[in-house]
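A quick write-up on the structure given underneath.
The values are calculated or read from the model by the stated rules, or taken from the named source; none is laboratory data. Since the structure is predicted, the reported quantities are computational estimates derived from the model, not experimental observations. Counting neighbours? That spans all protein chains shown, and the Cβs are built from the backbone with ideal geometry, glycine included.
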Amino acid sequence: MSSSDSYLLIQNLTKRFGEFEALSQVSLEVDQSELICLLGPSGCGKTTVLRCIAGLETPTVGTIVQNGVDITSLPPEDRDFGIVFQSYALFPNLTVNENLGFGLANRKLPKQKIQERVQQLIATVGLEGHSDKYPGQLSGGQQQRVALARALATSPGLLLLDEPLSALDAKVRQRLRREILDLQRKIGITTVLVTHDQEEALTMGDRIVVMDHGVIAQTGTPQEIYSNPTTPFVANFIGKMNFLDGIASGNGEVAVNQFSFDCAQATETLSLGDRVLLCIRPEDIVIYNSDFDNNEINCNNAIVIDTEFLGSVFRVRLAFEESSSTEFIAELPPSDMRSLEIESGANVSIKFPPERLHVYLA
Amino acid sequence: MATASAIVTKYSRDDKFQGGILVLIALVVAVAVLLPLFTIFLKSVENRDGQFVGILNYVEYFQTPALVASIYNTIIIGVVTTVIVITLAFIYAYALTRSCMPYKNLFRSISLIPLLAPSLLPAIALIYMFGNQGYMKELMFGYEIRGPIGIVISLVFWIFPHVVILLSTALSTADGRLYEVAKVLRTKSIRTFFKITLPAAKYGVMSACFVAFLYAITDFGACKVIGGWFTVLSLDIYKQVVGQQNFQLGSVVSVILLLPVVVTFIAQRQVQRKQTAQITPGSVPYQPKPNRRFDLLMLLYCIAVSIILFAILGTAAYASFVKFWPYNLSLSLTNYQFNLMDGGSWQAYRNSVVMSLYTAFIGTAVIFCSAYFIEKTRRYRGLRSSLNFLSIVPLATPGMVLGLAYLFFFNDPLNPLNFIYKTMIILVLANIVHYYTVPHLTATTALKQLDVEFESVSASLKVPFYKTFWHVTLPICIPALSNIWIYLFVTAITTVSAVVFLYGHDTNIAAVAVVNMDDAGDVAPAAAMAMMIVYTAMGVRIVHWLLTHFIEKHTQKWRQQKLTSD
């Protein structure tokens, strides 16, 4: 992708508040009709990026180009975006109808055109029959939809969503994720969504931008980010990950305690004696009966410390040998648990598939 | 990294407009507050011919024992009044918030009655009760009511409602969980009071003490009427300026009065900040439980206090209708024929009403709008926070000092605004400035409760800020606007201190007329005029209450929450 055909282009965005650097050299390209998720823990700068795009914050350094126009120093009034805040910021004394028409009334459109557009918006977000209610009379999910419809009312080129679902119950949140996604696909609006919820980012984003301490840690599709986290932070923040302390023992191998693992497929280039973190996701660990042939690659004996039932999966805490401080977690379906007869204290064989291992310099 | 010059966002039309308004506000603040106050300091270091004399005026002041005594007198009055009023009001507020006695709302309303009267009124009433011809003068056991005793009682009456409001707020924010724990641990109720109730209300009580002290040391009306031989600082300002035309010494006394006021004011702000930090989100409101003996005791106390409040108000009312106290007690309206009195006229009453209406309407609009621009503008952070700071200056400026400052500043022939001196304009301006702070805080609190992103959403929808202000911000803040309006009306019609130096022949007002008629010995007509103020304030309050209910019923429908589930 070249910068010329991306809809939103952010280069070297840096924002300082006094001594504190909230953003440092953030660069990002968003394609037309793409939904991009800014994901990170609170205070990582994701909301600051969004507010810079909206013009609600002025970056210290950097450029923001939207649709070929440099908007870096434009006030929000002169930019082209719709926004949904975490609080929704619905006007409480105006009805749903009036909230949706608020931006349209200013465009000097005939009253009838405004009403047509408002009705269309109400139908789009499925709020038929609620148009004369006040926001206070709506449920959280309905308020969220009004906020979304209001942001789309003036047909902006860019939609900004700042933690749009975090104020809702888990169930409503799941449903609205789907709805927002469908709507976004249908109208094809370029969207930037800020969230701290990894599940939200994984299910909604065409691409995810993981941020940490004001810098971009990794950018990629949800699958890329999940299966190939480039830093321990990303590995830890998205999904669950086992971190084992190891030492590079040459030939692409890493020694954890006295056990050696083939990590030739992991990307990091290692030199002999490097301290590293050997990482594997719980669901990637394969467990066999203890009579399994241990000579296969990356196989080892292990002992089950305890198990935890989580409904659809079991979580199994394991160690290479009794009273070892090196513990790790595996997750496997109940059917495997039954067939392998895994219980506390059992001896098993485990395999760390080489293609599933990640190695980071410690 | 190449350090290019920092990015500056371009100014939108809204930004420019808002910037212009903020500069305008700053100019008005300079002309209406800063420059006049500055002239007070200037006058205090000049001689009669306007030449700089350094601290000579201050030396003269401190070499006059009669004047210096006032400093001591003022502090004593302040301390004694504070101790008495806080004690009385604390028990009253405790009854309102911590007992299950009946008619709490009624007693709450009764305690607020003194707010509707100028501080002149209790002083006049006390003279009828305990003066030489008073019907209860035996209770004085030979002491004089005119003097410190009368001043203190008048001030206690007049400050009582302010302190009850503050203390009931402090006592009603208690965390119910602490009391449940105390009960489970079988703590004695006396111990609970000293270990839980008092510490929790500590900052509220301290804050109320400072407020009571501030009101007591800056009052003019009560001291003027019932002070007798006893002098205090605010009275000295009046005597020096009006009596002796000694403006220099008047400004010296003003500066000296400002010292304890500013110190108390700063202490009060500090304490108040600590008080608000005490309420945690997890707190459970305290619910008092019925206790027959305690509730009865509290009820009797509130009845006793109410009787005293009504006795003072009733005496003034009765005296105003009596033909010739104490010799001819038949009732008539003679005392209300103000046009026949020295220093009073129905014109003065009409002026008062007009002035208070102007103050309320213009003040509400101006104060709310400037609070809006200070609170909701996106840019100009430095200017906005300095304006916000300046908005509390009036609260720390005694009315007498502000009035004198206006006299110096606007009476100066070189001032192009000289033409407003002694007109309705300066009276309204002085009142708005004098009572600026409380409405400003009310407006700011209301505005802070609005979602901070309303303005951002409007900008994204390309709606100019004034449309959002008109269609959203203003309608939501109607209750706050209504509170500000009535506060300004009642304070304007009852005040005397700020305007006593500023009225002219055609712009005499009722509260000043009370002072002047009392001065001329027409005490009964003075009582009648003071009662006219009370009737008016009460009437307007009732009409305001009815109107507010009507308006809120029709414009605040959206506040009714009716949740539908997802």
**OP:** Look through segment A:90-125, keep the residues that are away from chain B (no Cβ under 12 Å) and in a loop (DSSP other than H, G, I, E, B), and return whichever of them is modelled with the highest pLDDT.
**Re:** A:Val125
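Being part of a helix (DSSP H, G or I), touching a residue at least 60 places away in the same chain (Cβ under 8 Å), within 14 Å of chain A (Cβ to nearest Cβ) and out of contact with any strand residue (DSSP E or B) (no Cβ under 8 Å at 6 or more places or on another chain) narrows it down to one residue among B:Ile551, B:Ile493; which is it?
B:Ile551
Of these, A:Ile208, A:Ile180, A:Ile216, which one is in contact with a Cys (Cβ under 6 Å, 6 or more places away or on another chain) and either farther than 30 Å from A:Gln265 by Cα or outside any loop (DSSP other than H, G, I, E, B) (or both)?
Only one candidate passes the filter, namely A:Ile208.
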Subject >> Matching residues in segment A:132-149 - criterion: being crowded, with 18+ Cβ neighbours inside 10 Å, out of contact with any Phe, Trp or Tyr (no Cβ under 7 Å at 6 or more places or on another chain) and more than 8 Å from every other protein chain (Cβ to nearest Cβ) >> reply: A:Lys133, A:Arg145, A:Val146, A:Leu148, A:Ala149
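Can you give me the ranges of the helices (runs of 4 or more DSSP H) entirely in segment B:51-116 with at least 1 residues that are surrounded by fewer than 16 Cβ atoms within 10 Å (Cβ to Cβ) and touching a residue at least 12 places away in the same chain (Cβ under 8 Å)?
Per the criteria, B:56-62, B:65-98.
Looking for whichever is on the phi < 0 side of the Ramachandran plot, part of a loop (DSSP other than H, G, I, E, B), out of contact with any strand residue (DSSP E or B) (no Cβ under 7 Å at 6 or more places or on another chain) and within 14 Å of chain A (Cβ to nearest Cβ) here; the options are B:Val452, B:Val472. Which one fits?
Every option except B:Val452 fails the conditions.
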**OP:** For segment B:374-383, enumerate the residues that are touching a Leu at 6+ places or on another chain (Cβ under 7 Å) and not aromatic (Phe, Trp, Tyr).
**Re:** B:Ile374, B:Glu375, B:Lys376, B:Thr377, B:Leu383
Original post:
When you scan segment A:11-87 for strands (runs of 3 or more DSSP E) that lie fully inside it, which ones turn up with 2 or more residues that are free of Cβ contacts under 8 Å to residues at least 60 places away in the same chain and within 12 Å of chain B (Cβ to nearest Cβ)?
Top reply: A:61-66
**OP:** With the condition kept exactly as written, say whether any residue in segment B:332-348 is closer than 18 Å to B:Met538 by Cα and not hydroxyl-bearing (Ser, Thr, Tyr).
**Re:** no
**OP:** Hey, can you tell me all the residues within segment A:259-269 that are modelled with pLDDT under 80 and either farther than 12 Å from A:His358 by Cα or surrounded by fewer than 18 Cβ atoms within 10 Å (Cβ to Cβ) (or both)?
**Re:** A:Ala264, A:Gln265, A:Thr267, A:Glu268, A:Thr269
**OP:** Kindly indicate which of A:Gly157, A:Gly220 is closer than 22 Å to A:Leu9 by Cβ, surrounded by fewer than 24 Cβ atoms within 10 Å (Cβ to Cβ) and without any contact (Cβ under 8 Å) to a residue 24 or more places away in the chain.
**Re:** A:Gly220
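To keep it simple, each residue is scored yes or no on (1) closer than 27 Å to B:Pro394 by Cα; (2) more than 14 Å from chain A (Cβ to nearest Cβ); (3) part of a helix (DSSP H, G or I).
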residue	(1), (2), (3)
B:Thr9	no, no, no
B:Asp14	no, no, yes
B:Leu22	yes, yes, yes
B:Ala26	yes, yes, yes
B:Leu35	yes, yes, yes
B:Thr39	yes, yes, yes
B:Leu42	yes, yes, yes
B:Arg48	no, yes, no
Subject >> Restricting segment A:150-174 to residues that are part of a loop (DSSP other than H, G, I, E, B) and of a type in the set (Gly, Ala, Ser), the residue that is farthest from the other protein chains (Cβ to nearest Cβ) >> reply: A:Ser166
Subject >> Verdict on A:Met204 being touching a residue at least 12 places away in the same chain (Cβ under 8 Å), in contact with a Gly (Cβ under 6 Å, 6 or more places away or on another chain), buried (at least 22 other Cβ atoms within 10 Å of the Cβ) and under 30 Å from A:Gly43 (Cβ atoms) >> reply: no
**OP:** Select from segment A:104-131 the residues that are of a type in the set (A, V, I, L, M, F, W, C) and surrounded by fewer than 15 Cβ atoms within 10 Å (Cβ to Cβ) and write down the one among them that is farthest from B:Ile476 (Cα to Cα).
**Re:** A:Ala123
Subject >> helices (runs of 4 or more DSSP H) lying entirely in segment B:205-289 (those with 1 or more residues that are over 19 Å from the mean Cα position of the chain (by Cα) and more than 30 Å from B:Ala526 (Cβ to Cβ)) >> reply: B:247-276
Subject >> Qualifying positions in segment A:335-362 - β-branched (Val, Ile, Thr) and touching a residue at least 60 places away in the same chain (Cβ under 8 Å) >> reply: A:Val348, A:Ile350, A:Val359
Original post:
So which residues in segment B:136-163 are loosely packed, with under 15 Cβ neighbours inside 10 Å and more than 21 Å from B:Lys224 (Cα to Cα), if there are any at all?
Top reply: B:Met136, B:Glu138, B:Leu139, B:Phe141, B:Gly142
